[in-house]
1. Mind sorting A:I85, A:I128, A:I97, A:I55 by how few other Cβ atoms lie within 10 Å of their own Cβ, fewest first?
2. I'd like the Karplus ³J(HN,Hα) series for segment B:172-183: coefficients 6.51, -1.76, 1.60, θ = phi - 60°, whole numbers in Hz, and an x wherever there's a Gly or Pro.
3. Determine how many Å³ per residue the convex hull of the Cα atoms of segment B:163-254 encloses.
4. Please turn the phi angles of segment B:259-266 into ³J(HN,Hα) values with the Karplus equation 6.51 cos²θ - 1.76 cosθ + 1.60 (θ = phi - 60°), one per residue in order, whole Hz, x for glycine and proline.
5. Based only on other Cβ atoms within 10 Å, what is the fewest-to-most ordering of B:S74, A:S14, B:S270, B:S9?
6. Which whole number gives the average, over all residues in A:34-47, of C-beta atoms from other chains lying within 10 Å of the residue C-beta?
7. Taking amide H positions as placed in the peptide plane 1.01 Å from N, state which residues far from B:N263 in sequence (5 or more) or on other chains have amide H under 5 Å from it.
8. Ranked from highest to lowest mean number of other Cβ atoms within 10 Å per residue, what is the order of the peptides A:153-159, B:191-197, B:76-82, A:270-276?
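FYI, it's all coordinate maths here, none of it is from the lab. Quick caveat, the model's predicted, so the values are computed rather than measured. Don't worry about glycine lacking a Cβ; one is built from the backbone with ideal geometry, like all the others, and counts go over all protein chains shown.
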Amino acid sequence: MAGLACDEGIEKMSRRSRHVRSKVMLGLTYAAAAMATLPLLFILVHLLREGAQYIRPGFFTQMPKPIGEPGGGMANAIVGTLMLISIASLIGLPVGIGAGLYLAERRGAPLATAVRFLSDVLNGLPSIVMGIFAWEFLVKPVGHFSALAGGIALGAMMIPLVTRTTEEMITLVPVSLHEAALALGYSRWRTSLTIVLRTALPGIVTGALVAIARIAGETAPLLFTALGNQFWSTSLREPVAALPLQIFTYAITPYDTAHGQAWAGALVLIVVVLTISMLARFATRSRFRAGTD
Amino acid sequence: MTDASARLSAKQWFSAERIAESLKAARYGDRAYTAVTTAFAVLIPLLLLLIAISITIAAWPALSQFGWSFITQSEWNVGAGKFGAAPAIYGTLVSSAVALIIATPLALGVSIFLSEIAPKWLRQPVGFLVDLLAAIPSVVYGLWGVFVLIPLLRDPVGPFLSDTLHLGKTPLFSGPNYGYSMLAAGIILAIMILPFISAVTREVLLAVPRSQREAALALGATRWEMIRDAVIPYARSGIIGGIILGLGRALGETMAVTMLIGNRPEISASLFAPGYTMASLIANEFSEATSDLHVSALMAVGAVLFAVTLIVNALARWLVWRVTRASRR
């Protein structure tokens, strides 16, 4: 009898300790969640505190002053970044969407499996490797840095991102829609482009936005291609300024005024990038809600 | 339907010739469509191949001159024409390891929180905030690191680790602490790869079937025991895949690391010491490289980095694919 009571006691104790342990571990996951979200808030708050004071209309319209002098803006870098994004989109979007269509329509084909896998591998390629590749392939042969080379490097980085989101979005289009179009006598290519692609378009636009947000902040692929430029240039064949490059250049100088400009540039960059990311996020969310409810 | 075709009579409309003609047109259209999408799809492997080949060719002079000593030698002396990438390889591995040690438990904790524990209303916003970390450009992390993280490491954190915790006696935290260090790079990398690990981990945790959880609870497990014994083992290879994916990111990360690691090609056991990574070595020296051998040596560093990330990413994708495929069946 005594032994049994003792066992029960132990069991009661251990049950309590197990529940305590469970509570503690679950509490730790709360702590992890808090710690994981804190850096973002720290960075955003600091950017606002340091950068906001330098954001004046002149920042968007003026040229940069020589490093070390106060004032000036980043007009050329903003235009340069827009140029680079445009070139990249001209390459990355058609190729990515085309490849995504292929992957979605040939799900099981060996080539599709290989392309899907390799596009994931390409997505993981370090951006600096893309940079030296673009230098070797586009800058070295012609003998000078250029906006075109930078844009192409960024475009190549966009391809795998756009490919995979396009594929995912197209797989979400009901097969019945596809079949209905074919049954009505539509040819395959018209079905794909005017029915399937159009239905998936909002999702694909979202994917494109995410890709653009990612390359807009890329610096490493531009270091040896677009190079950066202190002057106004919109020529495709000349080095061009870009926001991330300008931030980097200013950040590594010893001058406080340059640091201020770097913070302001970073604030502008992050507002643009986060706005695009959030737009993309909310666009897909409302879409999926509409689809599943 | 064009005007011309609208004017055709029904007989003409359904005539064998017309049908044959439109089928032919459709066939050509289909062929062209297939050709174009296939070409775009094939472009991806081709691009990867082109990158591999052109970097290998560019790296060849250095690789053939130094052979294996390129990755074992630790002297990187541009003036003397000696190029040993060991410090950069060491720095890449150590900074990534530090990042994984910090980021893995956090990412796992967040993912468990988001998939198992958090009340519904909290899941979306917290998940969103963690995901946003991935949207911040590397150069902005670098800027923040230089002006916020480094001063913090110099003053309260460094002395706390070495003096208050007496870790200064271990080789890991010995020596002077300037802030610019392997530790700084590791911490910033941890923040940067956290969203990637947690995104994959969350996905594989959500792929664990409900029955797995219910069975554990029915056997009297507490919630933590359920997570530890029923959920995590089921998702294990996917979680490892997510961690390796984060490793792939950390290995190739360039700008933030270049701004924080101190850029000194030396191997030191101390995390307080400055170091170099393969990516930051290229970023720093490439535009100033004048001799052909120097350029080629940097290309060789790029080739090594490319090979390492290729293997790491392929491994990660395979592991994640195994789990998500099993759950889709």
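1. A:I55, A:I85, A:I97, A:I128
2. Using θ = phi - 60°, the values come out as 4, 10, 8, x, x, 10, 9, x, 5, 6, 4, 5 Hz.
3. About 142 Å³ per residue, rounded to a whole number.
4. My calculation for segment B:259-266 gives 7, 10, 7, x, 6, 10, x, 9 Hz in order.
5. Exposure proxy ranking, most exposed first: B:S9, A:S14, B:S74, B:S270.
6. That average works out to 6.
7. Counting only residues 5 or more places away or on other chains, the set is B:G275.
8. A:153-159, B:191-197, A:270-276, B:76-82
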